[in-house]
1. Working only within the stretch 112-135, note down all residues that are aliphatic (A, V, I, L, M), at pLDDT below 90 and surrounded by 12 or more Cβ atoms within 10 Å (Cβ to Cβ).
2. Has the stretch 47-61 got any residue that is among the small types (Gly, Ala, Ser), closer than 30 Å to TYR138 by Cβ, assigned to a helix (DSSP H, G or I) and modelled with pLDDT of 75 or more?
3. List pairs: first in the stretch 101-124 and farther than 16 Å from LYS149 by Cβ, second small (Gly, Ala, Ser) and part of a loop (DSSP other than H, G, I, E, B), Cβ under 6 Å, 6+ apart or cross-chain?
4. If I ask for residues that are under 15 Å from ALA86 (Cβ atoms) and in a loop (DSSP other than H, G, I, E, B), which ones from the stretch 106-119 would you list?
5. Kindly provide the set of residues from the stretch 87-105 that are in a helix (DSSP H, G or I) and modelled with pLDDT under 75, ordered by number.
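The values are calculated or read from the model by the stated rules, or taken from the named source; none is laboratory data. Remember, predicted model here, so these are calculated numbers, not experimental data. Counting neighbours? That spans all protein chains shown, and the Cβs are built from the backbone with ideal geometry, glycine included.
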Amino acid sequence: MKPIGKIVGTVIIFFLMIIADLPNLSEKWVPEAQAFRGRGAAFVVGAAVGSSASSSSAEASAAASQQQAATAQQQAATAQQQAATAQQQAATAQQQAASGNPLPLGTVVSALPAGCVATPSGGVTYYYCGGNFYQPMYQGSTLVYVTTKPK
């Protein structure tokens, strides 16, 4: 076993010596090797810079996408909160209307309280009930009723 270890050690040392002197050997054997090596190094450096810029661009794009997703989530949460607030206000308005208490002008309800009477005035039909006049209007495609004063 000892002779094999010596041979392997010698081969490894010889191999390391060749690798250490490889740049000088290539110049001695092929004079053009230095020129090719220079171009290759420039190409490798250029490729590294290009990949670095590409990586940087990809990271910036990913960060922008994450920012947009976060903004969209925040907007969705805000819209959801606004819808919940509007529903709560509508429910409160309907409770007040049902109790017979007058509501502030401009209050929007989704349905008229029971016992409303249609009252035409100035070419517009208003509904009177619970001390309030309601005018039918559309919010988008949804029919709602808004407290108002007849004209």
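1. The one that is aliphatic (A, V, I, L, M), at pLDDT below 90 and surrounded by 12 or more Cβ atoms within 10 Å (Cβ to Cβ): LEU112.
2. As a first pass, look at the stretch 47-61 and keep what is among the small types (Gly, Ala, Ser): 47-48, 50-58, 60-61.
Next cut, closer than 30 Å to TYR138 by Cβ only: none.
No.
3. Cβ pairs passing all conditions: PRO113/GLY130.
4. GLY106, THR107, SER110, ALA111
5. GLN89, ALA90, ALA91, THR92, ALA93, GLN94, GLN95, GLN96, ALA97, ALA98, SER99
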